[in-house]
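Peer 1: Here's a structure for you.
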Amino acid sequence: MSLISFGFPMETVVIFTVLFMSALALERWAHRHHREILPKQALCWSAFWVAVAILFGIYCGWRYGHDTAMAFFSGYTLWQILSLDNVVVMMAIFAWFQIPTSLHYRVLRRGVAVTALFQIIFVLVGAIFLNMGMMVEILFMLAIAASGYFKLKNNQIDASDEDYSEHFGYAWMQRLFPVFPRLHQNYFFLKNDTLCQAQATYPDVKLVGKNATNLNSTIKKIKQNQLVATPLLVCLAVIELSNMMLSLDSMPAVLVISRDPWLAYMAAMLAIMNVRTLYFALIAFKQYSAMMEKVAVILLYFVAFKLLFSLSNQIFYHGWEISATSFLVVMLLVMAYNIAITFVAKKQ
C-alpha cells in the first residue's frame, strides 16, 4: 500500500483555490438578494458545482494521470453520498429553530469558511495517523466499519425528534454571547440600533444566556457596541458542529480512497459545496433520503473491506488491490441499483 503523500504541487493548490473561490463568488453574487431557492434552481446550481468538480478532475487526469483523476472522482462521489446524512440533520435543525427557507442559503454559505478550516485539520491529522503503519491502518479499518454500523443504527432515529437546546453548539453560543431569542430580519448579530429595533418589535422578549444575566438572575445592561447573537447565529453554530461530527467518519474513508490529503481535501470541499446546494432540491425529495443512507452504509463497509484487502497484501504479498477506478464503478452500481429498487417500490 502506498503511503499518504504530502507532496501535492503548489500549482495544483493555487488552481483549485482560484477555481473554487471564483465558483463560490459567482454563486454568492447570483444569490445576493437572499430569495428562497426553489428545487429547480438548486438542481441547476448543483449541476454547476458538479461541472466545476469534473473540470478539476479532468485537470488532475491531464496533469497527473488517470489514477489521480479516478482517486479524485471516487473521493468526491463517496463524500457526497456520506454527506446526505448531514442534509437530513440540517433540515431538522432549521425546522427546530424555525428559520424561514429564504434564510437557509445565508446560514449554509456563512459556514463555508468554518467548514474549510476544520476539513483541512481533519485531513492532515487523518493523513498523519494513516502514515504511522499497519496497526493504525487496522484501527482506521475498524473505525470505518464501526461508522457504518452506527450510521445504520442511527438511521432508525428521527433527527426531528432531537431537542437542539441540549446541543453543545447551543450552550456554547449562550456562553459566548447574550442571545436575543427572536429572529430580526437576516441578522446574525444585533448591536446598538439593530438591537433597539428588535427590542421595540418584541418588547416582552428578554435576552437569554450566561452573558445576559447576573448571578442573581437579573438582566445585565448591554454595553455600547456589545454583540448580541440571534437564533440565526445559534442555528449556524449547531449546524456546523453537527456537520463536523458527521464528517469524522467521512474523511478517513475518503483518505483511504484518495491516498493524498490535498486530493481528499479538494474532493471534500467541492462535494460539500454541491451537497449544500443540493439541500434545497432534497427538501422536495426527502422520502428518498432513506435509500441514500443505505448506500452510505454499504459503501463504508466496502471502504473497510478495501483497507482490509490492502492490509492483507502487505502481509501475504498477493499483489491484488482494489483500485480507485474499481471503487468508483462499485459506488455507481450500488447507487443505480438502490435508485432502481426505490422507484420500483414507489410505483408498486
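No lab work stands behind these numbers, since they all come straight from the coordinates. Computed from a prediction, not measured in an experiment: that's the story for all the values here. Glycine gets a Cβ as well: all are built from the backbone with ideal geometry, and neighbour counts include every protein chain shown.
Peer 1: Taking the Cβ of F188 as the center, what net charge do the other residues with Cβ under 15 Å away carry, scoring Lys and Arg +1 and Asp and Glu -1?
Peer 2: Around F188, the surrounding residues sum to +4.
Peer 1: When the dipole is taken about the Cα centre of segment 1-128, and only Lys, Arg (+1) and Asp, Glu (-1) are charged at their Cβ, what size is it in debye, to the nearest 20?
Peer 2: Approximately 460 debye in magnitude.
Peer 1: Taking just the C-alpha trace of segment 33-106, give me its Rg and Dmax in Å.
Peer 2: Values for segment 33-106 (Cα only, Rg and Dmax): 16.2, 48 Å.
Peer 1: Here is a further query. Can you pull the three principal axis extents for the Cα set of segment 1-128, in Å, largest first?
Peer 2: 48, 28, 22
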